[in-house]
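Following: one structure in structure tokens, then a few remarks.
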Amino acid sequence: MCGIAGLILKSGSSNIGQDIINMLDKMVHRGEDSTGFAVYENNEVCEVRVNCSTEKDVETLRHIIEQFGSIDDERVLRSRVGSYLVWADVTVKYEELPVLYRAIDKVPTLCVHSAGKWLRILKDMGSAKNLMDHYTDVEFDGYQGIGHVRLATESVENINFAHPFSTYYLPELAIAHNGQLTNYFNLRRKMERKGVTFKTFNDSEIIAHYIGYHMVEDGWSFEETLEKSIDEFDGVFTYTASLPDKIGVVRDRLGIKPLYIHENDQYVLFGTEQVCFSPLIHESYSEEMDPGSVIVWSR
Amino acid sequence: MVEIDAQDLKPYDLNRLIQKYLSSGEEVILKNPDAKHNIGIKLRGSGRVIIEGSTGYYTGGFMDGPEILIKGNTGWYLGDNMHSGRIVVERNSGSNVGPSMIGGEILIKGHSGSRIGLGMKGGLIVIKGKTGMLAGKMMLSGTIVLLDKVGDLVGESMYGGRIFLFEGPELGGNVKMVEPSVDEIMEIKKKLEILGIEKDLDGLKKVIPAGKQHKYVLFKPMHMR
């Protein structure tokens, strides 16, 4: 199962994180092993969000960041599984962000959830309601975002295996995926030979690296990369990928995993089931996305 | 006529309430369905349910007798294993309409997704708008009528039944396209009239099994040879 959802405001910004959580809550039956969302906002400050297994790892993280720049502000939250989520506003050279991301991820007990000016990711174990109850004082203003509820099928239940995933190749990219990539291990070996490093054994992580790698190393456009992924990925999949100025949705040729889209003058909504639109719009007339197709919205 | 507000009702309670009113001869108007799943599951008897909005997955599953009119969209698996009755959707439906349905009629006035009539055993499905790929996959019996553009692999591995459509899509494996008989055209025309659909049926074709299904050899135990 699993479910994905997305919201794009056509103007302005709002507490979009809450909207996405409400959408995900309507799809709780599709998975409550973990829930997460990514929100994009026009921030001046670069923020790094890292899951640290122990308190000692928080110190290790600070030490790594200070090798690249400085920590201007920091918030340490406890996740629902007891790990430490560090949200640090950092001053680093923006072009060095991928290197910092990779340096942090090299430590086995640290895992970057997001790193960027625009992108903020929150993901944890449990349902959308669990997240709402746990992170009561967190607001997520933004102009667009994506979210995910997970029913773990291909890999372990773990906070770092939750969606959305990001990638050090393109830190402002986030993806959320519903499905199974049956050629994951072959594709992973192929990418590892090119030097790509993985943090988890979740097949969905490869989507973030695939897009990031080809956009950065091969100069492919976002649209082109999503189109090519339909040929490269095998299995049943519907996924969404987001950059600060674009959101795309991709559906495999067999169309086994659903995706509904509703667009009006104010926003675009998409999700695995139309029921997830109901917190935002009382009655929506959505369209099911065609199998084997890619749709990209640009700002 | 009775109105039910579905807003705060769980599907089980909602369906019990609908059944209660249908059984007492009332026509039911359902407000605020909010694309909820499992609406109208296992309704039986007769009567009519008018849903003023969209429904989610499995609407009208196992239904035996009544009529459901959905004024909005509907999700996947509409009329799953339906026995009899009628479901009319005024807008679009998701994929897998009428999987394994045994009888009754389903009409989609908008577009529909892929794999309609998957494993269908009887009854009628009419799609007025566009239809996705793999229509009638592995169907055993029954009739599918597709009146607009249709996706490829029509009738993939169908064992029985009939799919009426206009030429265009690629056919699935083990099926063939033939001319329908005059009687069949009249039958479809009458059915569409009853459903309130006007359509010129010139050029309508019929897809049926090619009769090349694998013949299984049943091995007899040694002592029975």
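Values quoted throughout were computed directly from the atomic coordinates according to the rules given, and no laboratory measurement underlies them. Here the structure is a predicted model, which is why all the values come from computation and not from measurement. FYI the Cβ positions are ideal-geometry reconstructions off the backbone, even for glycines, and counts take in every protein chain you see.
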### Query
What share of the DSSP beta bridges in region B:2-211 is antiparallel, in percent to the nearest 5?
20
### Query
Can you give me the relative contact order of region A:1-137 as a percent, contacts being Cα pairs under 8 Å and 6 or more apart?
35
### Query
Top mean-square fluctuation among B:GLY60, B:GLY203, B:GLY160, Gaussian network model of chain B, C-alpha springs under 10 Å?
B:GLY203
## Note on the structure
Taking Cα pairs closer than 8 Å and at least 6 residues apart, the relative contact order of chain A in percent is 24
### Query
If you take the square roots of the eigenvalues of the alpha-carbon gyration tensor of the protein assembly as shown and sort them as a ≥ b ≥ c, do you get rounded (a/c under 1.5), prolate (a/b over b/c) or oblate?
prolate
### Task
Name the most mobile residue of B:GLY110, B:GLY47, B:GLY25, meaning the one with the largest mean-square fluctuation, in a Gaussian network model of chain B with Cα contacts below 10 Å.
B:GLY25
### Task
For each of A:HIS262, A:HIS177, count neighbouring Cβ atoms within 10 Å of the residue's Cβ, then give the residues from fewest to most.
A:HIS262, A:HIS177
### Task
Note down the magnitude of the dipole of region A:44-117 about its Cα centre, charges +1 on Lys and Arg C-beta and -1 on Asp and Glu C-beta and zero elsewhere, to the nearest 20 debye.
340
### Summary
Expressed in angstrom and rounded, the centroid-to-centroid distance over alpha carbons for region A:117-167 and region B:1-71 is 35
### Query
Mean residue ellipticity at 222 nm from the helices of chain A, using -39,500 (n - 2.57) per DSSP H segment of n ≥ 4 over the full residue count, to the nearest 500 deg cm²/dmol?
-7500 deg cm²/dmol
### Task
Considering only A:GLY82, A:GLY145, A:GLY126, give the residue with the highest GNM mean-square fluctuation for chain A, with springs between Cα atoms whenever their separation is below 10 Å.
A:GLY82
### Message
Between helix B:182-194 and chain B, what is the angle of the helix's C-alpha long axis to the longest principal axis, kept within 0 to 90° and rounded to the nearest 10?
### Response
10
#### Entry: Loop chymotrypsin sites (Phe, Trp or Tyr not before Pro), region A:43-123, which have at most 14 other Cβ atoms in a 10 Å radius of their Cβ (DSSP)
none
### Message
I need B:HIS111, A:HIS134, A:HIS63 ordered by Cβ neighbour count within 10 Å, fewest first.
### Response
A:HIS63, A:HIS134, B:HIS111
### Message
Eigenvalues of the Cα gyration tensor times 5, then square-rooted: what semi-axes does that give for region A:44-117, in whole angstrom, largest first?
### Response
19, 13, 10
#### Entry: Label zone at A:ASP265 (point 7 Å along Cα-to-Cβ), backbone N below 18 Å, region B:53-90
none
### Least to most buried among A:ILE104, A:ILE206, A:ILE20, A:ILE281 (fewest other Cβ within 10 Å first)
A:ILE281, A:ILE104, A:ILE206, A:ILE20
### Query
Which lysines have a Cα less than 29 Å from the Cα of A:LYS56, not counting those fewer than 8 places away in the same chain?
A:LYS93, A:LYS106, A:LYS117, A:LYS123, A:LYS199
## Note on the structure
For chain B the mean separation of alpha carbon contacts under 8 Å (6+ apart) over residue count, i.e. relative contact order in percent, is 10
### Message
On a 18 Å Cα-Cα criterion, which of the cross-link pairs B:LYS109/B:LYS191; B:LYS176/B:LYS206; A:LYS129/B:LYS31; B:LYS36/B:LYS149; B:LYS137/B:LYS199; B:LYS31/B:LYS71 come out too long?
### Response
A:LYS129/B:LYS31; B:LYS36/B:LYS149; B:LYS137/B:LYS199
## Note on the structure
In this structure, the FRET efficiency calculated for B:LYS220 and B:ILE197 from their beta-carbon separation, with R0 = 56 Å, to the nearest 0.05, is 0.60
### Query
Taking a spot 7 Å from the Cα of A:PHE185 along the direction of its beta carbon, which residues of region A:148-173 have an amide N less than 18 Å from it?
A:153-156
### Query
Let a ≥ b ≥ c be the square roots of the eigenvalues of the Cα gyration tensor of region A:148-299; is it rounded (a/c under 1.5), or, if not, prolate (a/b larger than b/c) or oblate?
prolate
### Query
To the nearest 10 degrees, how steep is helix B:11-23 against the longest Cα principal axis of chain B, on a 0 to 90 scale?
80
### Query
Per the helix-only calculation at 222 nm, which mean residue ellipticity applies to chain B, given -39500 (n - 2.57) for every DSSP H run of n ≥ 4 and division by its residues, nearest 500 deg cm²/dmol?
-3500 deg cm²/dmol
